[in-house]
Structure formats: structure tokens, C-alpha cells
Amino acid sequence: MRETQAVRHKLDPYAVILDTLVEITGDPHDGVKKSELNDCAESVATREEGWRHWGNAEKLKLGEAMVRRGATVSAAKVRFNNCPYWRGVRWSQEIIDEGRVTLPDWEAET
């Protein structure tokens, strides 16, 4: 298991961070504020993964990793108070339980 994680981390160091924080659903009714994902990713990277630095380059690469997984950035005026958010993404239950993130402020359509 450790060997698998080491190889995975070398190939895509953002995969471990994203797998810890979010689930890519593709559902347009799921959303994660872009600023909160950046903050949480920095925390996981520096505290849990041993990264020494998290700056603008890392934020850009995180965004690229999200796009590779199929997420898109949106800033719909009626969602998240017009703040940019990743559409089709939801927080992991562990992160929700910590209570430090904003959940979507719109009703899911069924």
C-alpha cells in the first residue's frame, strides 16, 4: 500500500490532496468554493503531506488537477454569493464533519 501511494504521489502529488478533500461527482448541483479548496489543500499539503511551500504556482497546479478530473469553475450569481466555485465537486464527509467549509447554498434539484 505504501509503495502504491509513493508512486501515485510521484505521478500526481495533487491526487492525494484531492482524494482527501473532495469527490468529483460531475453533478452540477454539487459545488465547492474555490477559495476554500485552496485553503484546505494548503493545510493538507503542508501539515499532512510534508510540503514545505504552498504558493500561487501550487494553487494553479491544483486547479489544473481539478480540470483534469473533469471539474469546472463557475461563478453563477445565485450560488455561493457570486464567488468562484468548482461545479460538480463535493466535499468529503470528513471535511464536512470538521465544519470548516461552506456547503452549497442552493437546493439540489431532483
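Key figures
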read-out: At R0 = 30 Å, FRET efficiency that the Cβ-Cβ distance of residue 72 and residue 100 yields, to 0.05; value: 0.80
read-out: Lys/Arg +1, Asp/Glu -1 at C-beta; the chain dipole; positive extreme among 84, 16, 55; value: 55
read-out: Fewest-first ranking of 85, 14, using other Cβ atoms within 10 Å as the exposure measure; value: 14, 85
read-out: Ordering of 88-101, 44-57 by burial proxy (mean other Cβ atoms within 10 Å per residue, highest first); value: 88-101, 44-57
read-out: Theoretical ellipticity at 222 nm over the chain - DSSP helices of four or more residues, -39500 (n - 2.57) apiece, nearest 500; value: -12500 deg cm²/dmol
read-out: Gyration tensor (Cα) of region 2-93, equivalent ellipsoid semi-axes in angstrom; value: 24, 14, 11
read-out: Within straight-line cross-link reach of residue 59, aspartates and glutamates at Cα separation under 15 Å, skipping those fewer than 8 residues along the same chain; value: 12, 36, 39, 42
read-out: Magnitude of the charge dipole, the chain, Cβ model with Lys/Arg +1 and Asp/Glu -1, debye to 20; value: 460 debye
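Just so you know, all these numbers are worked out from the coordinates, no wet-lab data involved. No experiment lies behind these values; they were computed from the predicted model shown. Neighbour counts are summed over all protein chains in view; Cβ atoms, including those assigned to glycine, are modelled from backbone coordinates with ideal geometry.
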